[in-house]
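Structure first, then comments.
The values are calculated or read from the model by the stated rules, or taken from the named source; none is laboratory data. Owing to the predicted nature of the structure, the values given are computational and were not obtained by experimental measurement. All Cβ positions, glycine included, derive from the backbone under ideal geometry; neighbour counts span all protein chains shown. Each accessible area value is taken on the protein alone, full model and side chains, heavy atoms only, with ligands, DNA and RNA left out. Shrake-Rupley method; radii C 1.70, N 1.55, O 1.52, S 1.80 Å.
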Amino acid sequence: MTILLLGSGGREDALAWRLAQSPSCARLIAAPGNPGIARWAQCVALDPCDVAAVVALARAEGAGLVVVGPEAPLVAGVGDALRAAGIAVFGPNADAARLEGSKGFTKDLCAANGIPTASYVRIETVSEALAALDRFSIPVVIKADGLAAGKGVTVAMSRDEAVEAISQAGDGPMVLEEFMEGEEASLFALVDGPNAVAFASAQDHKRVGEGDTGPNTGGMGAYSPAPVLTAELEQRAMEEIVLPTARAMAAAGTPFSGVLFAGLMLTRTGPSLIEYNVRFGDPECEAIMPRVEGDFAALLYGVATGSLASPHLSDEATMTVVVAAKGYPGTPVAGGAIRGIELAEQIKDVTVFHAGTRQSEASLVASGGRVLAVTAIGRSLGEARARVYAGVAAIDFADGFHRRDIGWRELERAE
Ligand code: AMP
Ligand code: GLY
């Protein structure tokens, strides 16, 4: 079949790479894609949030499946429009995408279904928020309600900081919640209505600086699996969090279809939900894709058409290191030349996914904050680490930087 993939980042490059290798993918089209994705797919310039244009392209190309990478087109209703046109789509409808689009919606769903998550209040104005603050101990977490590209959350370490964050946020929907202690892990599950199967676990590194310091980013690196999410904890997370969510969404007449990304806090009493995303994580996806075995396109098609099957993942370990442009997550330096990707990919089991690149006349150049997602697989996380950093070292990108400590928690434990 012909598959249309929506998106243009490192996540989509990894999806394109794996889809293009799938026996049931005869032809891959990406919109808008990027120079990395163009290695595996035919790229078409198009705004993936332009719902009518996406449906028209899928029709014109005879797409048998549309795979939606990022959340914004889902929240904009691209899933609904494709389903209405009779085209199979991997990704939820807009009402189910509220699991990511509205933190308040998800918190209420958890409360109504006994799903473990931090205790919270939903707030509409600054004065309400300030009044509610005294019901929480410090640290306290303040979240803007809507999509905020990872920037809508403040973990306030003092009352003053909380007041400041609330004032900065201004009037508008917000959630105040209890601070949970523990280690974070991400669980990706394939969901089709009330049914769900675990897909893979990963751990992301959100802070820009080594030792998990400095401002939050979209993610500076990841590894998979996350052994801290043991088989027992994963099963609990499926039974106590993911499956009750899938059943509640289906019972409400807003079934979820696609990949549900549960950000978990592994607390002393068990896994607790931090947040949901309705798509693969970036860079978690880059770390997971090399572990996927079998026909990935057929797996996603099954999710989209009501025949959810169990995925096959190798038990090898992967690591992804993001190479970002200097200045990120502030204003990144644009246009820096990138060389050496082919050299990096000559290293055994290294793949370099493009996150923010552009082909200029002279060379490949940076065109975003996160520029490359260098990924390697190995028999152990240590082996994957050695390979991925050899790959990073082979790349010549003077305007770039990366963290040298991806996987540190797990590597320390392994020692
Ligand atoms: P979110 O955008 O909801 O994933 O939040 C971003 C980050 O803030 C998470 O990855 C956590 O590190 C942290 N965070 C969010 N909510 C909580 C919470 N209730 N307790 C502790 N940390 C949290
Ligand atoms: N890496 C976190 C995310 O994709 O939201």
What the 5 Å binned alpha carbon P(r) of region 1-106 shows, as percent of pairs per bin from 0, is 2, 14, 26, 24, 19, 10, 4, 1, 0
Find the Cα radius of gyration of region 257-333, compare it with 2.2 N^0.38 Å by division, and give the number to two decimals.
1.40
For region 79-134 and region 166-204, compute the distance between their C-alpha centroids and round to whole Å.
10 Å
Using just the alpha carbons, could you tell me how many Å³ per residue the convex hull of region 171-249 encloses?
154 Å³
Solvent exposure, largest accessible area first (probe 1.4 Å, DNA, RNA and ligands not counted), of GLU410, GLU124
GLU124, GLU410
Please report the base-10 log of the normalised intensity I(q)/I(0) for region 223-301, using a Debye sum with one equal scatterer per alpha carbon and no solvent, at each q in 0.13, 0.17, 0.25 (1/Å).
-0.48, -0.82, -1.37
Is it possible to state the helix-based mean residue ellipticity at 222 nm for the chain, with each DSSP H run of 4+ residues giving -39500 (n - 2.57), the sum divided by total residues, to the nearest 500 deg cm²/dmol? What is it?
-8500 deg cm²/dmol
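Please compute the net charge surrounding ARG379, taking Lys and Arg as +1 and Asp and Glu as -1 over other residues with Cβ under 14 Å from its Cβ.
Working: positive: ARG291, LYS348, ARG385, ARG387; negative: ASP315, GLU316, ASP349, GLU383.
So the surrounding residues net to 0.
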Could you give me the radius of gyration and the Dmax of region 116-197, taking only the C-alpha atoms into account and expressing both in angstrom?
14.6, 44
Just going by the charge dipole of the chain, with Lys and Arg at +1 and Asp and Glu at -1 on Cβ, which of ILE29, VAL66, ALA250 is farthest out on the positive end?
ILE29
Relative contact order computed over the chain (Cα-Cα under 8 Å; 6+ residues apart), in percent:
16 percent
Reported to the nearest 10 Å², TRP40 has, with a 1.4 Å probe, an accessible area equal to 80 Å²
Mean projected area, convex hull of alpha-carbon positions in region 1-46, reported to one decimal in nm², is 2.5 nm²
Dmax and Rg, reported as Rg then Dmax, of the chain (C-alpha, Å):
20.6, 59
Cβ charges +1 (Lys, Arg) and -1 (Asp, Glu), total dipole of region 104-144, debye:
120 debye
Placing each pseudo-label 7 Å from Cα in the direction of the beta carbon, SER24 and ALA112 end up separated by a distance in nanometres of 3.3 nm
Express the accessible area of the chain per residue in Å², computed with a 1.4 Å probe while the remaining protein chains stay in the model.
39 Å²
Contact order normalised by residue count of region 320-415, Cα under 8 Å, 6+ apart, percent
38 percent
Would you work out what percent of the accessible area of the chain, with all protein chains in place, is carbon or sulfur (probe 1.4 Å)?
51 percent
Percentage, to the nearest whole number, of Cα pairs in region 167-215 over 14 Å apart:
74 percent
Space enclosed by the convex hull of the alpha-carbon atoms of region 353-406, per residue, Å³:
82 Å³
Tell me, in nm to one decimal, what length is gained between ARG379 and ALA56 on full extension, where the rule is 0.36 nm per residue of separation less the Cα-Cα distance?
111.9 nm
For region 265-352, with +1 on Lys and Arg beta carbons and -1 on Asp and Glu, the positive-most of ALA304, VAL321, ILE288 along the dipole:
VAL321
Regarding region 273-407, what are the three Cα extents along the principal axes, ordered largest first, in Å?
46, 34, 30
